[in-house]
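> Mind looking over this structure? Questions follow.
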C-alpha cells in the first residue's frame, strides 16, 4: 500500500511539474511593456507565445504567417511580427505538418497575443489571450529563435482554401435537402468512413476540408459529414485542397432534374508522400441505393452557414478564389487527381 501511495504522489508531482501554473496578470510587468516596433494604422502586431513546460515534446515548433516562416519556438519562448491588416493566416508547424491555425483578419493598429498550450487538444491548443495577460508573459519569457532562411511555407493554401480551420461557425447542422428541378441538379458530398476499417486519428477526422466550385465555397466537411447543394445544369469543376500540394478536381457534366453523389475520401499518407490527401470520387450507379443510403445515414447533414459570412469573412473567401482557379486549371499529376462525373451518373 505504501508503495502505491508513493507512486501516486510521484505521479501527482509529475503532473504538476508538467502542467505548470496557470498564468495570471502581473500589472507591474504590464506597465513595463513597450512595443518592440512601431505599428502603423494599417498594420497588426502579432505575438505567438509557447507555454513554458518541462515536457520534452514538440521540438522545432515553427510559427508561420501566411507563406513566411517567422520563428522556431522552444518551450517558454515567444516571437513577434507585423503583418498588413488584411487577410492573415497564422499557423504552427511541426514534423512537416501544419496543425493549428488562427485568422488575424482586418485588425488595423492592434496588438494581439496568441498562446500555444501543448497539453490541450488540437482544437483548443492555440488561442488568443487577453492583452494584459499577453504582456505579462512577454515580459517574463525570452524571445525565440527567428528564422533566417529563404524557404516559403508551401502550406499557405491550406488555411486559405479550408476556411473552416479558422472560422468553424461557417458550418452548421442542417435538415435541408434541396430537390433538383427543371433547371438545376443536386450534388450530395459524403465524407463517410467505415469504423471497422478506418485508421484516422483526431486530426484527420476533425479537419474541415473546403469543397469549392469555380464561383465560391460550397461547404466544409469533417469526417462523418454530408452536405447537398443545388447546381445549374451544365459543365462545372469542383475541387478541394489538402497538404503538400495534394488536390482533387472533379469535372462534372450535370443534367437538370438529377441527383448526383460524390464520396469525399481523405487519405493519410496518400500517394506515398505523407500528409493528408483527398479524393472527390463520383459515386456511379453500380452502387445500390440501399448502400448509398447506408453511407448517408451514418453521417451528420450540414450546410454552409450563410448568416455567419460577414464582410471580412467574404474577403477571406474571395482571396482564396485565385488558388481555386489555379488548381482547377491544373493537369493531372502525382499530387493532383482528376475524376469525372457524367450526366448518366445521376439518379
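The values are calculated or read from the model by the stated rules, or taken from the named source; none is laboratory data. Keep in mind that this is a model prediction, so the values were computed, not measured. All Cβ positions, glycine included, derive from the backbone under ideal geometry; neighbour counts span all protein chains shown.
> Taking interchain pairs and intrachain pairs at least six residues apart, which have beta carbon atoms under 6 angstrom, with the first residue in segment 24-43 and on the phi < 0 side of the Ramachandran plot and at pLDDT 95 or above and the second part of a loop (DSSP other than H, G, I, E, B) and surrounded by 12 or more Cβ atoms within 10 Å (Cβ to Cβ)?
Pairs that qualify, where the first residue is on the phi < 0 side of the Ramachandran plot and at pLDDT 95 or above and the partner is part of a loop (DSSP other than H, G, I, E, B) and surrounded by 12 or more Cβ atoms within 10 Å (Cβ to Cβ), are 41/108; 41/109; 42/85; 42/108; 43/85.
> Restricting to segment 223-253, name every residue that is on the phi < 0 side of the Ramachandran plot and free of Cβ contacts under 8 Å to residues at least 40 places away in the same chain.
235, 236
> Mind checking whether some residue in segment 285-295 is in a strand (DSSP E or B) and touching a residue at least 60 places away in the same chain (Cβ under 8 Å)?
Just the residues of segment 285-295 that are in a strand (DSSP E or B), to begin with: none.
No, segment 285-295 contains no residue that is in a strand (DSSP E or B) and touching a residue at least 60 places away in the same chain (Cβ under 8 Å).
> Related question: As an exercise: evaluate residue 120 against (1) over 30 Å from residue 209 (Cβ atoms); (2) surrounded by fewer than 17 Cβ atoms within 10 Å (Cβ to Cβ) and give the number of the one condition it does not meet.
(1)
> May I pose another question? Just checking, how many residues over segment 141-160 are surrounded by fewer than 18 Cβ atoms within 10 Å (Cβ to Cβ) and farther than 30 Å from residue 34 by Cβ?
Adding up the residues that qualify gives 4.
> For segment 89-118, give me each residue that is at pLDDT below 95, assigned to a loop (DSSP other than H, G, I, E, B) and touching a strand residue (DSSP E or B) at 6+ places or on another chain (Cβ under 9 Å).
Matches in segment 89-118: 117, 118.
> Can you give me the ranges of the strands (runs of 3 or more DSSP E) entirely in segment 35-87 with at least 2 residues that are under 19 Å from the mean Cα position of the chain (by Cα)? Before you say what the answer is, go through the steps one by one.
On the way: elements: 43-50, 61-65, 68-73, 77-84.
Hits in segment 35-87: 61-65, 68-73.
> Against the condition assigned to a helix (DSSP H, G or I), at pLDDT 95 or above and crowded, with 18+ Cβ neighbours inside 10 Å, how does residue 138 come out, does it pass?
yes
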